[in-house]
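Novice: Structure provided below as structure tokens; questions to follow.
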Amino acid sequence: MAEKKDERDAGVLVIGLGRFGSSLAETLDRLGQDVLAVETDDRLVNQWSGRLPLVQADASNPEALEQLGAQEFGVAVVGVGTELEASVLITGNLVDLGTPQIWAKAVSAEHGRILTRIGAHHVVYPESDAGSRVAHLVSGKMLDYIEVEDGFTIVKMRPPREMQGFTLAQSDIRKKYGITVIGVKSPGIEFTYATPETRVSANDLLVCSGHADLLERFSARP
């Protein structure tokens with residue numbers, strides 16, 4: 001039994017090779033993960049054949065999933081989003097197979113609720129998430145934006161003028177704005193974790209953490 005569990009933990013099954021699924025599968029494959037992609041569309045199969053470990057099969061058919069060995073994978077990603085019925089059927093089949101971790105793409109809040117109710121462990125909204133992230137990036141000095149959970153966010157940004165030329169202790173950003181400077185990257189110098197004595201220059205990059213609303217206000221400062 002222990003050996004089987006290890007095998008299930010080893011691979012990722014990616015179902016659907018649209019923009020989301022293909023990007024995910026290609027990245028995982030490049031990172032050295034054990035990946036198997038599943039697609040029904042002839043055009044996409046031809047496009048990705050030879051570039052990814054790939055099986056042409058209809059994952060909405062539980063027998064097809066069993067035949068390709070889906071039950072041996074520890075993680076499955078359902079990248080089929082626009083076809084609601086297929087998305088639900090595939091996710092349900094994976095639940096029936098006892099897949100330990102099921103990630104499923106949703107195109108709406110209602111779609112996501114259905115996927116959660118039938119047993120998906122994680123629901124992602126690629127289009128919505130990408131739009132929200134870009135909105136944050138274009139609205140201030142932020143160069144990267146990652147929302148971790150419950151509003152807690154990590155950003156990479158340029159320092160506002162009031163920090164430039166001062167140490168973190170002198171600018172007292174945490175007390176003034178409720179955010180934490182985790183580290184500083186100066187041009188030509190490796191990233192360093194921040195200390196009260198860290199001095200910030202105009203060309204530095206800051207890695208900051210805190211609540212999204214506080215970071216938004218901070219990044220909007222001149």
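Novice: For the range 173-222, which chymotrypsin sites (Phe, Trp or Tyr not before Pro) pass both filters: DSSP loop (anything but H, G, I, E, B) and at most 14 other C-beta atoms within 10 Å?
Specialist: Values: sites: 177, 191, 193, 218; in loops: 191.
Sites meeting the loop and neighbour criteria: 191.
Novice: Using DSSP loop states and a limit of at most 15 other Cβ atoms within 10 Å to flag GluC sites (Glu not before Pro), what is the longest stretch of the chain containing no flagged site?
Specialist: Result, exposed sites excluded: 84-189.
Novice: Then there's this: At 10 °C and 1.306 mPa s, what whole-number value in µm²/s does Stokes-Einstein give for the translational diffusion of the range 139-190, with Rh from the Kirkwood sum over Cα pairs?
Specialist: So the translational diffusion coefficient is about 127 µm²/s.
Novice: Let me ask another. For the chain, with all protein chains present and a 1.4 Å probe, just round the carbon and sulfur fraction of the accessible area to a whole percent. Write out the running numbers ahead of the final one.
Specialist: Working: 6430 of 12440 Å².
Ligands and nucleic acids excluded, carbon and sulfur give 52 percent.
Novice: Counting only other residues whose beta carbon sits under 12 Å from that of residue 165, what net charge do I get with K and R as +1, D and E as -1?
Specialist: That works out to 0.
Novice: Explain nothing, just the number: dipole magnitude of the chain about its Cα centre with +1 on each Lys and Arg Cβ and -1 on each Asp and Glu Cβ, in debye rounded to the nearest 20.
Specialist: 1400
Novice: Let me ask something else. Using square roots of five times the C-alpha gyration tensor eigenvalues, list the equivalent-ellipsoid semi-axes of the range 56-126 in whole Å, biggest first.
Specialist: Equivalent ellipsoid of the range 56-126: 19, 13, 10 Å, largest first.
Novice: Identify which of the listed values of Cα extents along the principal axes in Å was calculated from the structure shown: (1) 47, 41, 38; (2) 65, 38, 35; (3) 53, 37, 29.
Specialist: Answer label, from the structure shown: (2).
Novice: Where nothing but the Cβ of Lys and Arg (+1) and of Asp and Glu (-1) is charged, how large is the charge dipole of the range 139-222 around its Cα centre, in debye to the nearest 20?
Specialist: 380
Novice: Between 124, 214, 57, whose Cα lies farthest towards the positive end of the dipole of the chain when Lys and Arg beta carbons carry +1 and Asp and Glu beta carbons carry -1, centred on the Cα centre?
Specialist: Comparing the listed Cα positions along the dipole, 214 ranks first.
The values are calculated or read from the model by the stated rules, or taken from the named source; none is laboratory data. Everything numeric in this text was worked out from a predicted model, so none of it was measured. All Cβ positions, glycine included, derive from the backbone under ideal geometry; neighbour counts span all protein chains shown. Surface areas here come from the heavy atoms of the whole protein model, side chains and all, with no ligands, DNA or RNA. Shrake-Rupley method; radii C 1.70, N 1.55, O 1.52, S 1.80 Å.
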